[in-house]
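Trainee: The structure follows.
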Amino acid sequence: MSLPTVPTGALPGQFVANAGPVHSTENPAATTGVRQTSLYNCIDGLPPVPSADDVAGSELKTDDIQSDIFVGKQKHNQLFYFFTIHDAASFKRHLAADIAPIVTSVTQIPHVHRQPLVAVNIAFSHAGLLALDVNYEDNSLNDEIFENGQAASAVTSLNDDTASWVPQFKDAENPIHGVIILASDNIQLIDRQVACIQSDCGPSISKVYSLPAAVRPGCHAGHEMFGFLDGIAQPSIRQLHKTHFPGQNVVDAGVIITGAVGDVDGEGNPIKRADWAVGGSFLAFRQLQQLVPEFNRYLLQNAPAGEGDLQSRADLMGARMVGRWKSGAPVDLAPTADDPELGADPQRNNNFTYEHEGSDLRSDQSRCPFTAHIRKTRPRADLTSIGFDDKPNSIMRAGIPYGQEVTPEEQASGTTIHERGLAFVAYQSQLAKGFQFIQQSWANATNFPPKKTPPPEEIGFDPIIGQATGAQARLVSGLDPNDTSGSLSIPQFVISRGGEYFFSPPISALRGHLAGIDDGDHEHLGRHHCH
């Protein structure tokens, strides 16, 4: 997972400019001209990236919002480059002159000729903002969870076993100050862009850790490592997206973007944000290892009785754990067999609520278990039927798989040899309503969604991402369609390897406030290209 060293040869000046140079897969050294193919995937069944009409008619300052916040799970290759700041004064100069000019905005997403060779975004931890001498008394981001950092609440709020964390995510003496997120359809170009940034910034920063990630090959594109199409239930932004697919949560931009309409507290009052932070978003990063051979082996060993061969019954068990078949078809609409056409159709694959005529929402698990991953993390009618709304808890997910495909040896033994999983990325305006709430109050809560009151019935953990504390068994109910009142003790198939909370600032803050530069000083900035 190490990054390339800085090359001794020159790189073209156009490479660092965000004007959209082209490349050829056959000739990655070609870095002049206009890009002909999009940086982003178009995955059947997933909501598309923002269109030209979306951006042209948006009420948001899309040229000031970093692109990854609204792209979602649509990248080919990514690198997460975690760094620490050694010389704040020097890094601020590079931030304004070298990094800010190459940070990709939402405005560039729809136009292939405006997309850069490598999309670059950057975000800072609380420790990183302190290293940049951001004055919180006058310029508060007003998010206590962010200020405390992920490690501080990993055990109490997330049920993480930090013994499994990557050491760099829990090193209090050498904290991670920020992350640069690079995306392209060519890994070599990502490596070259990293080398360019390293050369520009010199000793002012250094790499702490890095994680390369990539879309899975061929027909598995868009599917996470367990094999399920991922990213279907993204929210739609009222002030950005012109098309809202059936079943999407349509939310105000302020649910994702700080300072925008809808960035409000529990009483409906706008959250006070520093002026420079309006248009940013909090980034929750998690490295989630997935024990794929063990997951597949468990499904085969616990396949429910019924018609069909062993593999088809194991697939049914997996679908009931996730709430979708591998194609993306929801079990609420296709309860007994996969329907790939349904899974690939964004007009239908998200258009359900768990309510059915003649069925009791509070007791019937024949279609979808209460504990299914997608039901735990977006409960739909389970909440709206009792007067609550899950829209304020929406997050924009922008994760991507990491690690190699399962090898024949691993598949045969049912045991993981090579680490693989999901580089989980979620954007939200409030961590207390977004990622942390979903993990703590929904996925890890054994009495959610609520079914019988009083007292709430224990239904168990989210079988995919639910984390149990210590030696506590992960009991999960409703998975066996022949006995939905029964429970199973489910091993932990997703292991937290740690993470951090970051703030992804508006681009104007990168070349202004965070760089210690007033608006009037911008004209004095030189633009340095990588040579």
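Trainee: So, taking all protein chains as they sit and a 1.4 Å probe, how much accessible area belongs to ARG238, in Å² rounded to tens?
Mentor: Answer for ARG238: close to 120 Å² accessible.
Trainee: Estimate the FRET efficiency between SER164 and GLN347 by the formula 1/(1 + (r/R0)^6), using the beta-carbon distance for r and 35 Å for R0, to the nearest 0.05. Can you show the working numbers first?
Mentor: Details: r = 41 Å, r/R0 = 1.16.
After rounding to 0.05, the efficiency reads 0.30.
Trainee: Taking θ as phi - 60°, what are the ³J(HN,Hα) couplings along region 242-254 by the Karplus curve (6.51, -1.76, 1.60), each to the nearest whole Hz, with x for Gly and Pro?
Mentor: 7, 10, 10, 7, x, x, 5, 6, 8, 10, 5, 4, x
Trainee: I'd like the distance between the alpha-carbon centres of region 236-313 and region 63-139, rounded to an integer number of Å.
Mentor: A separation of 22 Å, based on Cα centres.
Trainee: Counting only helical runs of four or more DSSP H residues, what would the 222 nm mean residue ellipticity of the chain come to if each run contributes -39,500 (n - 2.57) and the total is spread over all its residues?
Mentor: On the way: 13 runs with 89 residues, N = 531.
Taking each H run of at least 4 residues, the total per residue is -4000 deg cm²/dmol.
Trainee: So for region 103-226, averaging the separation of alpha carbon pairs under 8 Å that are six or more residues apart and normalising by length, what relative contact order in percent results? Display every interim value, and only then the final one.
Mentor: On the way: 85 pairs, mean separation 35.1, N = 124.
That works out to 28 percent.
Trainee: Which entries of LYS170/LYS272; LYS242/LYS272; LYS272/LYS433 show an alpha-carbon separation above 25 angstrom in the structure shown?
Mentor: Working: LYS170/LYS272 30 Å; LYS242/LYS272 28 Å; LYS272/LYS433 16 Å.
Pairs exceeding 25 Å: LYS170/LYS272; LYS242/LYS272.
Trainee: Once the piece of chain linking ALA473 and ASP171 is laid out straight, how much longer is it, given 0.36 nm per residue of separation minus the C-alpha distance between them? Can you show the working numbers first?
Mentor: On the way: separation 302, 0.36 × 302 = 108.72 nm, distance 2.92 nm.
That works out to 105.8 nm of additional length.
Trainee: Ok, one more. Search the structure for amide H atoms under 5 Å from the amide H of TYR209, placed 1.01 Å from N in the peptide plane, and list their residues when 5 or more places away or on another chain.
Mentor: Close amide H contacts, sequence-distant or interchain: PHE82.
Trainee: Now a separate question. Provide the FRET efficiency to the nearest 0.05 for the VAL155-GLU59 pair, computing r from the beta carbons and using R0 = 41 Å. Don't jump to the answer; show the numbers that get you there.
Mentor: Numbers: r = 41 Å, r/R0 = 1.00.
Working from the Cβ atoms, E equals 0.50.
Trainee: Given the protein chains as shown and a 1.4 Å probe, how many square angstrom of CYS219 are accessible, to the nearest 10?
Mentor: My reading of the accessible area for CYS219 is about 110 Å².
Trainee: Might you work out the accessible area of ASP68 for me, using a 1.4 Å probe with all protein chains in place, and round it to the nearest 10 Å²?
Mentor: Roughly 10 Å² of ASP68 is accessible to a 1.4 Å probe.
Trainee: In Å², what does the accessible area per residue of the chain work out to with a 1.4 Å probe?
Mentor: 39 Å²
Trainee: Report, by chain and number, residues whose modeled amide H sits under 5 Å from the one on GLY399, excluding near sequence neighbours (fewer than 5 apart, same chain).
Mentor: So GLY399 has HN proximity to VAL425.
Trainee: Got a number for carbon plus sulfur as a percent of the chain's accessible area, 1.4 Å probe?
Mentor: Details: 10610 of 20940 Å².
Carbon and sulfur together cover 51 percent of it.
Trainee: Turning to a different aspect of this structure: Residue by residue, what Karplus-based ³J(HN,Hα) values in Hz, rounded to whole numbers, does region 53-58 have, using 6.51, -1.76 and 1.60 with θ = phi - 60° and x for Gly and Pro?
Mentor: Karplus values, whole Hz, x for Gly and Pro: 5, 4, 5, 4, x, 6.
Trainee: Could you check how many percent of all C-alpha pairs in the chain are farther apart than 46 Å?
Mentor: Values: 14998 of 140715 pairs.
Across the chain, Cα pairs with separations above 46 Å total 11 percent.
Trainee: Using θ = phi - 60° and the Karplus curve 6.51 cos²θ - 1.76 cosθ + 1.60, what whole-Hz ³J(HN,Hα) does each residue of region 263-276 get, with Gly and Pro shown as x?
Mentor: These are the phi-based 3J(HN,Hα) values: 7, 10, 7, x, 9, x, 8, x, 6, 6, 10, 4, 4, 5 Hz.
Trainee: Now, a different point. For SER363 and CYS42, what does the FRET efficiency come to when R0 = 45 Å and r is the distance between their Cβ atoms, rounded to the nearest 0.05? Provide the component values of the computation, followed by the final result.
Mentor: Values: r = 40 Å, r/R0 = 0.90.
My answer for the efficiency is 0.65.
Trainee: Show the residues, 5+ positions off or on another chain, whose built amide H is closer than 5 Å to the amide H of GLY262.
Mentor: For GLY262, the qualifying residues are GLY254.
Trainee: Moving to a separate point now. Hey, for a label at GLU458 modelled as a point 7 Å past Cα toward Cβ, could you say which residues of region 464-496 have their backbone N under 19 Å away?
Mentor: Correct set: 464, 466-480, 484-492.
The values are calculated or read from the model by the stated rules, or taken from the named source; none is laboratory data. In this text, all values refer to a predicted model and were calculated from it rather than measured experimentally. In this analysis, Cβ positions are derived from the backbone assuming ideal geometry, glycine residues included, and neighbour counts consider all displayed protein chains. Heads up: the accessible areas ignore ligands, DNA and RNA and are worked out on the full protein's heavy atoms, side chains in. Shrake-Rupley method; radii C 1.70, N 1.55, O 1.52, S 1.80 Å.
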